[in-house]
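S.K.: The structure is given below, and queries will be raised subsequently.
The values are calculated or read from the model by the stated rules, or taken from the named source; none is laboratory data. A quick note: this is a predicted structure, and the numbers were derived from the prediction, not measured. Don't worry about glycine lacking a Cβ; one is built from the backbone with ideal geometry, like all the others, and counts go over all protein chains shown.
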Amino acid sequence: MRTPENDESAQQALRVAQLEIKLLREQLLKSMNETQAAREEAQKQTGSPVPKVPAPVPPAAPTQAAAIDFKLPAATCARDRQVLCVEDSAANFELIESILIDRPGTNLRWADSGGKGVEMAKANTPELVLLDLDLPDMHGSEVLGHLRAEAATAETPVIVISADATPSQIERMLAAGARDYITKPFEIRRFLLMFDEIFPQAALG
């Protein structure tokens, strides 16, 4: 039976799916540019042409709502939960912002560089930090170090969200004090489960 709630859920699922496709396209473009740069460098060093690798075909954006099971019970909260997202990609931030629509009472702030993230955390202590590693001005591990060095943020939960799935990198970040580590492109439901472990009231209807 079609209801306003079902329509809203379908529209949000479509919105998230479209953002995921946009993010995948950005990642493909970045990978292609890096491959081309490596190819040109190899050609300079060897003096012989290097065969081109066929470019991957990016997935098409969905035109209707996909069956994405990411919605958990909506939240009711007496106050805003302060969350800081340190991420240089606008598409990544928009995806996280869209996902957290299902967690009303969340005040999500955005820092597009490590330095800005550290300053924002000092000015207004967050209750959760979502941290990318590949930032334009410093590595995410440096940001984590700054946060852990400050008394106000020494115990603040930090979830790393990174495309780097190297086991040694994951171990280093967890050993340095990150609460959890999730790799891009990430599972939405897993992300929400992590969020709700930190804010249990968020999953209560």
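S.K.: Failed condition for K116, given (1) without any contact (Cβ under 8 Å) to a residue 60 or more places away in the chain; (2) within 13 Å of C85 (Cα to Cα); (3) surrounded by 19 or more Cβ atoms within 10 Å (Cβ to Cβ), with all others met?
M.R.: Going through the list (1) without any contact (Cβ under 8 Å) to a residue 60 or more places away in the chain; (2) within 13 Å of C85 (Cα to Cα); (3) surrounded by 19 or more Cβ atoms within 10 Å (Cβ to Cβ), K116 breaks only (3).
S.K.: Only residues in the range 93-110 that are over 22 Å from L135 (Cβ atoms) count as the first member; pair them with residues that are of a type in the set (K, R) and surrounded by fewer than 20 Cβ atoms within 10 Å (Cβ to Cβ), Cβ under 8 angstrom, at least 6 apart or cross-chain, and list the lot.
M.R.: Going by the 8 Å Cβ cut-off, the qualifying pairs are D102/K71; G105/R79.
S.K.: Taking the range 142-158 as the search range and keeping residues that are among the aliphatic types (A, V, I, L, M) and part of a helix (DSSP H, G or I), which one is farthest from the chain's Cα centre (by Cα)?
M.R.: So, considering only residues that are among the aliphatic types (A, V, I, L, M) and part of a helix (DSSP H, G or I), the one farthest from the chain's Cα centre (by Cα) is A151.
S.K.: How many of the residues in the range 98-133 are acidic (D, E) and touching a strand residue (DSSP E or B) at 6+ places or on another chain (Cβ under 7 Å)?
M.R.: 2
S.K.: A further question follows. Sort out which residues of the range 160-174 are farther than 21 Å from L84 by Cα and of a type in the set (A, V, I, L, M), and write them in order of number.
M.R.: A165
S.K.: What pairs come up if the first residue lies in the range 152-170 and is over 19 Å from K122 (Cβ atoms) and of a type in the set (D, E), the second is surrounded by 11 or more Cβ atoms within 10 Å (Cβ to Cβ) and at pLDDT 95 or above, and their beta carbons are under 6 Å apart, counting only those six or more places apart or on different chains?
M.R.: From residues that are over 19 Å from K122 (Cβ atoms) and of a type in the set (D, E), the pairs are D164/L133.
S.K.: Quick test for you: out of I198, I159, pick the one residue that is touching a strand residue (DSSP E or B) at 6+ places or on another chain (Cβ under 9 Å) and over 17 Å from D132 (Cα atoms).
M.R.: Just a single option satisfies the conditions, and that option is I198.
S.K.: Shifting gears a bit: Just a yes or no: is a residue in the range 101-121 part of a helix (DSSP H, G or I), closer than 21 Å to I198 by Cα and at pLDDT below 95?
M.R.: The answer is yes, given that some residue of the range 101-121 is part of a helix (DSSP H, G or I), closer than 21 Å to I198 by Cα and at pLDDT below 95.
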